[in-house]
1. Do we have Ile14 as in a loop (DSSP other than H, G, I, E, B), surrounded by 11 or more Cβ atoms within 10 Å (Cβ to Cβ) and of a type in the set (Val, Ile, Thr) here?
2. Applying the selection to the stretch 15-38, what residues are at pLDDT 90 or above and of a type in the set (Val, Ile, Thr)?
3. If you go through the stretch 17-47 one residue at a time, how many are in a loop (DSSP other than H, G, I, E, B) and surrounded by fewer than 11 Cβ atoms within 10 Å (Cβ to Cβ)?
Amino acid sequence: MSNTPKFETIVIAITKKQADDLRKMEKMLGQPRSQIIRRLLIKEFGS
């Protein structure tokens, strides 16, 4: 058995406005989009 972490692909549909907001957050925070999305998901659904 390999010890590699299991990743699941989650497809998230977002509106154009949400995408723009995400881009703004990305610029403001200077963090990659994936990190911001991960944080938002954790806030929304727990870790």
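The values are calculated or read from the model by the stated rules, or taken from the named source; none is laboratory data. Worth saying up front: this structure is predicted, and the values here are computed from it rather than measured. Ideal geometry is used to build each Cβ from the backbone, glycine not excepted, and the neighbour counts take in all protein chains shown.
1. Yes.
2. The one that is at pLDDT 90 or above and of a type in the set (Val, Ile, Thr): Thr15.
3. 4
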